[in-house]
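Beneath this line is the structure, given in structure tokens, with notes to follow.
Values quoted throughout were computed directly from the atomic coordinates according to the rules given, and no laboratory measurement underlies them. Computed from a predicted model, the values in this text were never measured in an experiment. So basically every Cβ, Gly included, is an ideal-geometry build from the backbone, and we count neighbours across all protein chains shown.
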Amino acid sequence: MDVIDWLTAALGGAEAAAEVIVTDPELLDAARGDKSGWVADGVPLAIVYATTVGHVQATMRAASEFRVGVVPRGAGTGLAGGANGTGGDIVLDLSRMDRIREISAEDQLAVVEPGVLNGDLNAALEPYGLFFAPDPASKAISTIGGNIATNAGGLLCAKYGVTREAVLALDVVLADGRLISTGHRTVKGVTGYDITALFVGSEGTLGVVVGATVRALPIPPGEPRTLGALFPDVRAGAAAAARLTAARLRPAVMELVDEGALARIAAYLGEETIREAFGASEGAAYLLVQFDGATAGADAETAGRLIEETGGAVRVAADADEGDRLLAIRRAFHPALEATGTVLIEDVAVPRSRMPEMFDAIERISERYGIPIPTVAHAGDGNLHPNFVYDGEEVASTVWDAASDLFRVAVELGGTLTGEHGVGVLKRRWLAEELGPDSYELQVKLKSVFDPLGILNPGKVFG
């Protein structure tokens, strides 16, 4: 008996397991990749499409019995190769565990399964006047379980925090199939170690999240107010962003688009889009700022004045439709880049005060290697997304050399390899360098406590 036979029996026999265990070659092949473009070696043994906690527990028990790796996977929207099915492993697909179990307006929380999409959760919360704050760019198609696995952020996280701040409690299946619950439904709770926070961002290497109690926030009153500004260069835009932060303004969104990125966006949308918004299209960098809540109007006026004093050409949206047009410039970033070549989407974070230095370093690295690296930044929290644009399907060694230089500069500036995408496979070679030998050793030992057989997402994060 092999692991699939054992699992089939555990699920109640061939007929009961037919809808759960899938070995279709096309599906297996698709499970080897994600949105990063990286494709894992080999072919997974099978995909388990779990719809119940029992399916997950049976999978982990089978894997423990036969020492087979298990790769937890959601929507496959990851950008670091963290949920790609590798040869000889079982892909544990949680996307069909997509039920919203409870919404409590009184306690401002929701209880969800891991396959619930961000967009679906927010649609369900809206009638209660609530929203789920984490908003990765893929929020229309990404799952809450994937958000938890990578501690995802997004445009709103500078004001509302990343996923860790939104998670109150978890249900987790361990490597041996045991089910545990962590955290609380209460706002406060300090009993024991914070195991809940440990699982958030662990990328499926410590356990499989099968349920989450998440914080829901009141939808801010009134209409958001949006403004956009053009600057002669990205350093000026970064200076304006820093000035807004120093003025104690708290924008919900503050995004900075550099010269190379804006040029591609203008080509993609049409120069007239920029010209219609600002009366000109000569600006080299773009700053997008949006405020929400009761003081949004006054905050937008103050921000507009500060940006003009810093050399920006400002357009304050008169209404929501005009605000959406300003937002559309930022949202066009990824499709504009994909229209010009193959893109490696990267992710580093630095202290907000060091963003101008990081932009300078990106420009130097781009020139040194002859690789375009258009960049957008969540300027409110110092999280930059340098995008390497190249020809061909595989990432060339020179692209990784350039990325390596970029990662090291980010760390030298007091930053980190990844602000929200995770380590996965693509960044694991630099992990020990950032953490240092002692911290790295502790983390490896910590993983072995939860996964002594090394079967949870093997090869990811720690190699």
**Relative contact order for the range 1-145, counting Cα pairs under 8 Å that sit 6 or more residues apart, in percent** = 21
**Asked** When the Karplus curve 6.51 cos²θ - 1.76 cosθ + 1.60 is applied with θ = phi - 60°, which whole-Hz ³J(HN,Hα) does each residue of the range 86-98 get, with x for Gly and Pro?
**Response** 9, x, x, 9, 9, 8, 9, 8, 9, 5, 8, 8, 10
**For peptides 79-87, 425-433, sequence by mean Cβ density within 10 Å, most packed first** = 79-87, 425-433
**Request:** Run the quick spin-label model on ALA294 and GLN443: label points 7 Å from Cα toward the beta carbon, then report their separation in nm to one decimal.
**Result:** 4.2
**Request:** Could you please state, rounded to a whole Å, how far the C-alpha centre of the range 110-159 is from the C-alpha centre of the range 194-230?
**Result:** 6
**Fill in**
The ³J(HN,Hα) series, computed from each phi in the range 206-223 with the Karplus coefficients 6.51, -1.76 and 1.60 at θ = phi - 60°, rounded to the nearest Hz and given as x for glycine or proline, is 10, x, 10, 6, 10, x, 8, 9, 10, 6, 10, 10, x, 5, x, x, x, 8
**Item:** Distance in nm between pseudo-label sites at ARG250 and THR340 (7 Å out along the Cβ direction from Cα)
**Value:** 3.7
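Would you mind giving the three semi-axes, in whole Å and largest first, of the ellipsoid equivalent to the range 310-463 according to its Cα gyration tensor?
Working: eigenvalues 205, 71, 60 Å².
For the range 310-463, the semi-axes come out at 32, 19, 17 Å.
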**Request:** Whole Å is fine, so just give me how far the alpha carbon centre of the range 274-337 lies from that of the range 20-50.
**Result:** 42
**Asked** How far apart, in nm, are two points set 7 Å out from the Cα along the Cα-to-Cβ line at ASP360 and at GLU165?
**Response** 3.0
**Request:** Return a whole-number percent for the relative contact order of the chain, with Cα pairs under 8 Å and 6 or more residues apart as the contact set.
**Result:** 15
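Using a Förster distance of 45 angstrom, determine the FRET efficiency expected from the C-beta separation of GLU394 and THR191, and round it to 0.05.
Values: r = 49 Å, r/R0 = 1.09.
Efficiency at R0 = 45 Å is approximately 0.40.
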**Message:** Less than 17 Å from a label point 7 Å out along the Cα-to-Cβ axis of GLU19: which backbone N atoms in the range 93-109 qualify, by residue?
**Reply:** 93-99
**Message:** Checking the cross-link filter: which aspartates and glutamates have an alpha carbon closer than 17 Å to that of LYS447, excluding same-chain neighbours under 8 positions apart?
**Reply:** ASP176, ASP194, GLU203, ASP438
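With 10 angstrom as the radius, rank TRP6, TRP400, TRP38 by how many other C-beta atoms surround their C-beta, starting from the fewest.
On the way: TRP6 17, TRP400 14, TRP38 20.
Placing the least packed residue first, the sequence is TRP400, TRP6, TRP38.
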**Dipole of the chain [Lys/Arg +1, Asp/Glu -1 at C-beta], most positive-end residue of THR302, VAL68, PHE388** = THR302
**Message:** Can you list residues from other chains, or at least 5 along the same chain, whose modelled amide H is less than 5 Å from the amide H of LEU130?
**Reply:** ILE219
**Message:** Check which residues have an amide H placed less than 5 Å from VAL167's amide H, if you skip close sequence neighbours.
**Reply:** ARG215
**Fill in**
Taking r as the C-beta separation of SER404 and ALA242 and R0 as 30 Å, the FRET efficiency to the nearest 0.05 is 0.60
**Fill in**
When all Cα-Cα pair distances of the range 1-125 are considered, the percent exceeding 23 Å is 36
**Prompt:** How large, in Å, is the chain by the Kirkwood hydrodynamic radius built from its alpha-carbon pairs?
**Reply:** 23.1
**Message:** Multiplying the sequence separation of ALA30 and ARG96 by 0.36 nm and subtracting their Cα-Cα distance, what value in nm do you get?
**Reply:** 22.1 nm
**Dipole moment magnitude, nearest 20 debye, the chain about Cα centre, only Lys, Arg, Asp, Glu C-beta charged** = 1100
**Message:** Can you work out the Karplus-derived ³J(HN,Hα) for every residue in the range 193-201? Use 6.51 cos²θ - 1.76 cosθ + 1.60 with θ = phi - 60°, whole Hz, and x for glycine or proline.
**Reply:** 5, 7, 5, 4, 5, 5, 5, 5, x
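Classify the range 307-395: rounded, prolate or oblate, from the alpha-carbon gyration tensor (a ≥ b ≥ c, eigenvalue square roots; a/c under 1.5 rounded; otherwise prolate if a/b is larger than b/c)?
Details: a/c = 2.32, a/b = 1.37, b/c = 1.69.
Here the range 307-395 falls in the oblate category.
Pull out the extension gain between GLU65 and ALA140, defined as 0.36 nm times the separation in residues minus the alpha carbon to alpha carbon distance; nm, one decimal. Before the final figure, lay out each step's value.
Working: separation 75, 0.36 × 75 = 27.00 nm, distance 3.74 nm.
The GLU65-ALA140 span can extend by a further 23.3 nm.
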**Request:** Grab every C-alpha pair in the range 61-215, bin the distances at 10 angstrom width from 0 up to the longest one, and report whole percents.
**Result:** 11, 42, 34, 11, 1
